[in-house]
Amino acid sequence: MLPQLAEPIGKLRSMLDEAAPVTHELRKVMPVLYPALGGEGTRHYLLIFQNNAEERASGGNPAAQAMLVVKDGRISLGRQADSGDYPHPYRRAPLSWDGDWARIFGPHTATYLTNITFTPDFPETAMMARAMWRDVYGGKVDGVISFDPVALSYLLRATGPVRLATGEQLTADDAVQYLLSGVYARYTDPREQDAVFASAAQSVFTAVTSGQGDPKAYLQQLAPMLADQRLKAWSARKDEEALLLTSPAGNMLPPDNTDATTFGVYNDDDATSKMSYYMDATVHVEARTCAPTPTFTVSTRVTDTLQPSQVAGLTRYVLANQGGIPPGGDRQRVLVYGPVGAELVRATVDGERVRFGTNENWRLNTVADATGMDDHRPAVRGVLHGRPVADISVTMGAGEHADVSAVFSGGTDLSSKLAVSHTPKVRDVPVSITRTACD
């Protein structure tokens, strides 16, 4: 090899080695990459920016949106919008779902833009987002892409700092704290907050599309985005969507237990607040697979890390805006999904057995003493995409925590590999799995 080529080829090999895990996923979608990038005509992709400070199962409140226009591989930023541009609520949901969906998620999920991420099923979320955008603005929506401020901070590791329209500088180290907490302390008008979010999106978009930063760094940041389930994508074209569903970006839960017996643990803010910035969680799965019918206990602890002494320093906009919640506290709906084909045996909250109601909408609930009914938030259960689901309301004060546990039995074609999917939160969610030893 010529000496002049040895060094650059060595660098290329190193870059490819580091990029291998990500490019393995990219190769899956290579057959549709050319048309998806506008090679056969302009594409329009709706970008939803999920705000983790107001948690939803798949990340957060998707109030900030933008249209990405792709033609011949070139990306431009089109119209930007926020939740104030949509009906609040829709008098009739643009899309509806069959089975247990309505009784678990309630009518508010499909009639408010801000709630379409209450479900961890990203294709459902994407189709609702597309229907609502077309209802208000019309035009083409070829796909939906989801992103959050933590993923944005990963991008900033590649681009370096960017400057906002306010003159402030956003870096990888401070982006999450600023966008999910600092903005609400500095700007009390929601429209001003939305303007800051739009400026952040515009600034980072400009940095990425102008080639700011090292391409190798971009590839390095794709891996944690996918691993954390912070980057999701859906296509309106069946062939492209089929390929996306083979990737971690396609959906949060797999359609079966073939590759892994996967459990889902998700958090939905139910306080109309930005308190999720202070909410941490842990997840533990205990598997007893020696018996003819295996059982799995899925436990999660939700902790309000805000201390009572800090409550006075928060704005009204951040604190809970629903009744029955102590100052500095929060109320969440905790969703626990079992394996495909399993049954939900029982569930507990802080050691007390859950009594399930008949509908998430308390007016339609027919079980008077259902768990959570005192707060008009009855616990409900059902089956979604073949998985048993427990939906349980918990309320806690500043510095307090709540423990939720669900026991599942059986499953279809269970894999020996166990995995957990959970809400991408502000901070990491520790996950542990133990197996009961066979005698």
- Message: Name the residue that is nearest to E54 (Cα to Cα), counting only residues in the stretch 398-424 that are part of a loop (DSSP other than H, G, I, E, B) and in contact with a Gly (Cβ under 6 Å, 6 or more places away or on another chain).
- Response: P424
- Query: Can we say T305 is touching a Ser or Thr at 6+ places or on another chain (Cβ under 7 Å), farther than 21 Å from S58 by Cβ and either surrounded by fewer than 19 Cβ atoms within 10 Å (Cβ to Cβ) or of a type in the set (S, T, N, Q) (or both)?
  - Reply: no
- Query: Across the stretch 224-247, what is the number of residues that are assigned to a helix (DSSP H, G or I) and within 16 Å of D148 (Cβ to Cβ)?
  - Reply: 4
- Message: Give me the residue from the stretch 24-66 that is part of a loop (DSSP other than H, G, I, E, B) and at pLDDT below 90 and, out of that set, surrounded by the fewest Cβ atoms within 10 Å (Cβ to Cβ).
- Response: E40
- Note on the structure: In the stretch 274-288, residues that are under 14 Å from T261 (Cβ atoms) and touching a Leu at 6+ places or on another chain (Cβ under 8 Å) total 2
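Over 28 Å from A227 (Cβ atoms) and either within 24 Å of the chain's Cα centre (by Cα) or of a type outside the set (S, T, Y) (or both): which single residue out of V136, V176, V183 fits that description?
Numbers: V176 fails: over 28 Å from A227 (Cβ atoms); V183 fails: over 28 Å from A227 (Cβ atoms).
So the residue among V136, V176, V183 that is over 28 Å from A227 (Cβ atoms) and either within 24 Å of the chain's Cα centre (by Cα) or of a type outside the set (S, T, Y) (or both) is V136.
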- Working only within the stretch 347-364, note down all residues that are touching a helix residue (DSSP H, G or I) at 6+ places or on another chain (Cβ under 7 Å), within 16 Å of V389 (Cα to Cα) and free of Cβ contacts under 8 Å to residues at least 60 places away in the same chain. G357
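Is one or more of the residues making up the stretch 329-345 at pLDDT below 95 and of a type outside the set (K, R)?
For the stretch 329-345, residues at pLDDT below 95 and of a type outside the set (K, R): absent.
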- Query: Among the residues of the stretch 364-373, is any assigned by TED's automatic domain parsing to the domain that holds C290 and either within 30 Å of T258 (Cα to Cα) or not in a loop (DSSP other than H, G, I, E, B) (or both)?
  - Reply: yes
- Query: From A312, A287, A291, which residue is among the small types (G, A, S) and either in contact with a His (Cβ under 7 Å, 6 or more places away or on another chain) or under 23 Å from V183 (Cα atoms) (or both)?
  - Reply: A312
- Message: Checking A19 against (1) part of a strand (DSSP E or B); (2) at pLDDT below 65; (3) small (G, A, S): exactly one of these is not met. Which one?
- Response: (1)
- Note on the structure: With criteria (1) outside the structural domain of A129 (by TED's automatic domain parsing); (2) on the phi < 0 side of the Ramachandran plot; (3) assigned to a loop (DSSP other than H, G, I, E, B), T272 comes up short on (2)
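Every residue, every condition in (1) more than 19 Å from the chain's Cα centre (by Cα); (2) buried (at least 24 other Cβ atoms within 10 Å of the Cβ); (3) closer than 15 Å to A64 by Cα, yes or no:
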| site | (1), (2), (3) |
| --- | --- |
| L95 | yes, no, no |
| D100 | yes, no, no |
| T109 | no, yes, no |
| T114 | no, no, yes |
| F122 | no, yes, no |
| A131 | yes, no, no |
- Message: Among the numbered criteria (1) assigned to a strand (DSSP E or B); (2) under 20 Å from T297 (Cβ atoms); (3) under 24 Å from the mean Cα position of the chain (by Cα), which one does T395 miss?
- Response: (2)
- For residues that are in a loop (DSSP other than H, G, I, E, B), in contact with a helix residue (DSSP H, G or I) (Cβ under 6 Å, 6 or more places away or on another chain) and not hydrophobic (A, V, I, L, M, F, W, C), tally how many sit in the stretch 120-162. 0
- Tell me which residues, restricted to the stretch 334-368, are of a type in the set (K, R), under 24 Å from G411 (Cβ atoms) and touching a Ser or Thr at 6+ places or on another chain (Cβ under 6 Å). none
- Message: Condition first: modelled with pLDDT of 95 or more, among the acidic types (D, E) and over 21 Å from the mean Cα position of the chain (by Cα). Can you find one or more residues in the stretch 414-437 that meet it?
- Response: no
- Within the stretch 292-310, how many residues turn out to be out of contact with any strand residue (DSSP E or B) (no Cβ under 8 Å at 6 or more places or on another chain), part of a loop (DSSP other than H, G, I, E, B) and closer than 30 Å to P327 by Cβ? 2
- For residues that are small (G, A, S) and crowded, with 17+ Cβ neighbours inside 10 Å, scanning just the stretch 172-194, find the one that is nearest to T159 (Cα to Cα). A172
- Subset of the stretch 373-399 [farther than 21 Å from E360 by Cβ and surrounded by fewer than 18 Cβ atoms within 10 Å (Cβ to Cβ)]: G397, G399
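The values are calculated or read from the model by the stated rules, or taken from the named source; none is laboratory data. In this text the structure is predicted, and so the values were computed from the model without any measurement. Counting neighbours? That spans all protein chains shown, and the Cβs are built from the backbone with ideal geometry, glycine included.
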